[in-house]
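One structure below.
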Number of protein chains: 2
Amino acid sequence: MTTENIRFAARVDKLRASDIREILKVTQRPEVISFAGGLPAAEVLPGKELARVASDLLMEDGPIALQYSPTEGLQSLRQRIADRLHRRLGIRRSADEVLMVSGSQQALDLTGKLFVDADDAILCESPTYLGAINAFQAYEPRFLSVPTDDDGMLPEALERALAAEDRAKLIYVVPDFQNPSGRRWSIGRRQALLEIAARHNVPVVEDSPYAELSFDNDPLPAVASFDRGGTVIYLGTFSKILSPGLRLGWVAADASMLRRYVLVKQGADLHTSTLGQMLADRFLAEYDLDLHIERIRGLYKSRRDAMLAALDEHLGKDVRYTRPVGGLFLWLELPEDMDARQLLGSCLEHDVAFVPGSAFFTDGLHDNTLRLNFSAMPEERINEGIRRFATALHEAMESLAVGV
Amino acid sequence: MTTENIRFAARVDKLRASDIREILKVTQRPEVISFAGGLPAAEVLPGKELARVASDLLMEDGPIALQYSPTEGLQSLRQRIADRLHRRLGIRRSADEVLMVSGSQQALDLTGKLFVDADDAILCESPTYLGAINAFQAYEPRFLSVPTDDDGMLPEALERALAAEDRAKLIYVVPDFQNPSGRRWSIGRRQALLEIAARHNVPVVEDSPYAELSFDNDPLPAVASFDRGGTVIYLGTFSKILSPGLRLGWVAADASMLRRYVLVKQGADLHTSTLGQMLADRFLAEYDLDLHIERIRGLYKSRRDAMLAALDEHLGKDVRYTRPVGGLFLWLELPEDMDARQLLGSCLEHDVAFVPGSAFFTDGLHDNTLRLNFSAMPEERINEGIRRFATALHEAMESLAVGV
């Protein structure tokens, strides 16, 4: 018996390996300067602090930390998250309206499972987060890209899309420093989104891994902060503010919605790591997460500055790119006739890497776009990497000009 | 907007909260002696050892343990698991044929996602594991119970079922000390299962959390140990031999099958906790897991003995129960006209609890069955709990007799 004879589910045909993942494999060579990943800086992962916390925790409460625990998550951690959501982002949810999940990628999967029958419509930004496309794809939706500018989705376009579509199940958005574009929605657009979604009875999934990583000032209020009913399902995570390796995220939604998430979560993996949750809970009790996030913001801001300076110096006139005021990513548009996948090939010869942008579009078009990560390496490397990138780009532009 | 107006996916109607979970909530009162859970004994969760391991690990390799890691899992841990599967259970899979998952519950969910379209058939034992029913249910299969005796599925019955069914996608079995029945399949039945499944091109999912917890001698060879093709998908876990709170399990299957699991795992939660995997890897390097399992086996054997002795003393003539030679559970059949759910009500008045058996049947029948857990408490409590159980049962039998 071989797998050729085995019949898989129909959905399997729609799944594909993440582009980023395949690219990351190629860029493992140490000489490659990679702007392809989306990794937090190693310097801000609190290894020493968590070493102490883990040791104390396992000595004192080992049999609890190593045992099964409730699907909903650790109560004291849910309370800390509820408090934090209120204080930092204006979201009013009680601890009982917070479900701990195994990274916000799991929240995306549970969302697809809970809402999407084959051929249902998911409305999303253009571009949108690749990991969400991958998670939702397993439930065989149609993706509808809503026209979007630098301030967020265009309200009239969203209104039109919802009026024309009777199988709209979700509106999926990343309003703060979106992966991949670095875009942040204006407050007005957040309010307009909520009003339109509520009127059409279509839930908004607000995926918010980067909200606290703003470089200018405090975070803007979340879309969920304006929600007086149960329209917004808010997804958060410790991945970018504490540690991605712990795989700790959360869903904050009204109680009747959350009960359904608990049900699908239970079938998916029973519960999220007890030890991981207790570690995070104790870290939050003993250390100042706000201060820790301040450090991350400062570091990433310097790196963003370094990348923009290098781009301005080497490429300013040839391409367009965003100037994000938070997060981990910057988005770049090549001249219309260029293909970022081809450019990646030449870039790898120059030992520099990025992620081509077409994977972030549900129509697979927009071959001339690409994503650059600035969080994961020191400024000298960023500068050198952008220099190499510019060299490869200029070579490509020249050969394109010769070709014409 | 309230959730009444929101349209969920069709599958949501089929999901239900786990019976066990609801019962466990009722049995939180400290005065209740609960045989309802499926928890490892607290005494065998190695808190002190892992405190040291976690501290060393996070001091030395914190930035790696707290960072993102590959979907497939940590290579050295996959190698240790592959070696162990070979040495202990006769399974020949390389490290590359092992995928780390977030508890074997996740493996069940990924299996459903990979194989099951609505109305496909899953063949299973009768009774079967409740958590598998819950995981698979989200993919809307039909469950076909194959007649089963104390040695496992009846080969002729399996053959007939497969011949009559053209949408059979999976055969799901727990051949070692099954939850709930405590049953262990004979070697002949394991071989017959594999031969029949391979001939019909239907994969076998061998779910094996308890194989190493045998009380008589070494584990029997796994069904997967006889597999020379790619018929068996083997699911393992650290939950019962190291710690359930870490949520660490694995899928061992041939390379082309495993690639597809990796793809669905990536969409489901990117990867399993890096810290959890590195902790387990280091624990396995520094401690003798075989010796640790010896202790668990010894402890559970004493508790099984205590429960059987108490049952023999108080109930021997009134009910039938299994005499499992491993695992955590014992299965009990009340007289035909009794309802275990009603009995549970009376038992809770006597401060003792168990899980009614009907939840373990895909037809929801067999109201006269129940599951008892013997792993989680000391022998005196087991003895006292069975005494209370017998009192409640005898009261129920008397009132039933009066009623007649």
Inset, instruction - List every residue pair whose Cβ atoms lie under 7 Å apart, where the two residues are 6 or more positions apart in sequence or sit on different chains, the first residue falls within segment B:37-55 and is within 7 Å of chain A (Cβ to nearest Cβ), and the second residue, located anywhere, is assigned to a helix (DSSP H, G or I) and of a type in the set (Phe, Trp, Tyr). - result: B:Leu50/B:Phe283
Legend entry - Restricting segment B:92-105 to residues that are within 9 Å of another protein chain (Cβ to nearest Cβ) and in contact with a Ser or Thr (Cβ under 8 Å, 6 or more places away or on another chain), the residue that is nearest to B:Thr71 (Cα to Cα): B:Val101
Inset, instruction - Taking A:Pro209 as meeting all but one of (1) surrounded by fewer than 21 Cβ atoms within 10 Å (Cβ to Cβ); (2) more than 8 Å from chain B (Cβ to nearest Cβ); (3) modelled with pLDDT of 95 or more, write down the number of the exception. - result: (1)
Inset, instruction - Kindly provide the set of residues from segment B:262-284 that are within 8 Å of chain A (Cβ to nearest Cβ) and either free of Cβ contacts under 8 Å to residues at least 12 places away in the same chain or among the basic types (Lys, Arg) (or both), ordered by number. - result: B:Leu263, B:Gly267
Inset, instruction - For residues that are within 14 Å of B:Tyr129 (Cα to Cα) and modelled with pLDDT under 95, tally how many sit in segment B:362-381. - result: 3
Inset, instruction - For residues that are assigned to a helix (DSSP H, G or I) and among the polar types (S, T, N, Q), scanning just segment B:57-84, find the one that is nearest to the other protein chains (Cβ to nearest Cβ). - result: B:Gln75
Legend entry - Search result, residues across segment A:82-135 that are over 23 Å from A:Val264 (Cα atoms) and in contact with a Gly (Cβ under 8 Å, 6 or more places away or on another chain): A:Leu85, A:Glu125, A:Pro127
Inset, instruction - Return a yes/no flag: does segment B:357-368 have any residue that is over 22 Å from the mean Cα position of the chain (by Cα), of a type in the set (D, E, K, R) and under 23 Å from B:Ile23 (Cα atoms). - result: no
Inset, instruction - Have a look at A:Thr148, A:Thr111 and point out the one that is hydroxyl-bearing (Ser, Thr, Tyr), closer than 22 Å to A:Ile196 by Cα and within 12 Å of chain B (Cβ to nearest Cβ). - result: A:Thr111
Inset, instruction - Any residue in segment B:94-108 that's in a strand (DSSP E or B): show its pairings with residues that are β-branched (Val, Ile, Thr) at Cβ separation under 7 Å, as long as the two are six or more apart or on different chains. - result: B:Val98/B:Ile81; B:Leu99/B:Val251; B:Leu99/B:Val262; B:Met100/B:Thr272; B:Val101/B:Val251; B:Val101/B:Thr272
Inset, instruction - Return yes or no: is B:Gln28 part of a loop (DSSP other than H, G, I, E, B) and more than 7 Å from chain A (Cβ to nearest Cβ)? - result: yes
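Residues checked against (1) over 24 Å from A:Leu263 (Cα atoms); (2) crowded, with 21+ Cβ neighbours inside 10 Å:
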| residue | (1), (2) |
| --- | --- |
| B:Leu154 | yes, no |
| B:Glu159 | yes, no |
| B:Arg167 | yes, no |
| B:Ile171 | yes, yes |
| B:Asp176 | yes, yes |
| B:Pro180 | no, yes |
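Applying the selection to segment A:225-261, what residues are under 15 Å from B:Leu275 (Cα atoms) and either at pLDDT below 95 or facing chain B (nearest Cβ under 9 Å) (or both)? Give the derivation first.
If we filter segment A:225-261 for residues that are under 15 Å from B:Leu275 (Cα atoms), which is where we start, we get A:238-239, A:242-248.
Of everything in segment A:225-261, those that are under 15 Å from B:Leu275 (Cα atoms) and either at pLDDT below 95 or facing chain B (nearest Cβ under 9 Å) (or both) turn out to be A:Ser239, A:Leu242, A:Ser243, A:Pro244, A:Gly245, A:Leu246, A:Arg247, A:Leu248.
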Legend entry - A:Arg323 part of a loop (DSSP other than H, G, I, E, B), closer than 19 Å to A:Asp176 by Cα and either at pLDDT 95 or above or in contact with a strand residue (DSSP E or B) (Cβ under 7 Å, 6 or more places away or on another chain) (or both): yes
Legend entry - Condition met for A:Ser256 (in a helix (DSSP H, G or I) and polar (S, T, N, Q)): yes
Legend entry - Failed item, numbered, when A:Ala121 is tested on (1) within 14 Å of chain B (Cβ to nearest Cβ); (2) touching a residue at least 12 places away in the same chain (Cβ under 8 Å); (3) in contact with a helix residue (DSSP H, G or I) (Cβ under 7 Å, 6 or more places away or on another chain); (4) surrounded by fewer than 24 Cβ atoms within 10 Å (Cβ to Cβ): (3)
Inset, instruction - Identify all residues within segment B:302-314 that are under 16 Å from B:Phe35 (Cα atoms) and either crowded, with 18+ Cβ neighbours inside 10 Å or of a type outside the set (Asp, Glu) (or both); write none if there are none. - result: B:Ser302, B:Arg303, B:Arg304, B:Ala306, B:Met307, B:Leu308, B:Ala309, B:Ala310, B:Leu311
Legend entry - Residues (small (Gly, Ala, Ser) and within 25 Å of B:Ala107 (Cα to Cα)) located in segment A:243-286: A:Ser243, A:Gly245, A:Gly249, A:Gly267, A:Ala268, A:Ser273, A:Gly276
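Check whether at least one residue in segment B:361-377 is in a helix (DSSP H, G or I) and touching a helix residue (DSSP H, G or I) at 6+ places or on another chain (Cβ under 9 Å), and report yes or no. Steps first, please.
So the first thing to find is which residues in segment B:361-377 are in a helix (DSSP H, G or I), and the list is none.
Scanning segment B:361-377, I find no residue that is in a helix (DSSP H, G or I) and touching a helix residue (DSSP H, G or I) at 6+ places or on another chain (Cβ under 9 Å), so the answer is no.
The values are calculated or read from the model by the stated rules, or taken from the named source; none is laboratory data. Keep in mind it's a predicted model, so treat the numbers as computed, not measured. Cβ coordinates were reconstructed from backbone atoms using ideal geometry, including for glycine residues, and neighbour counts include every protein chain displayed.
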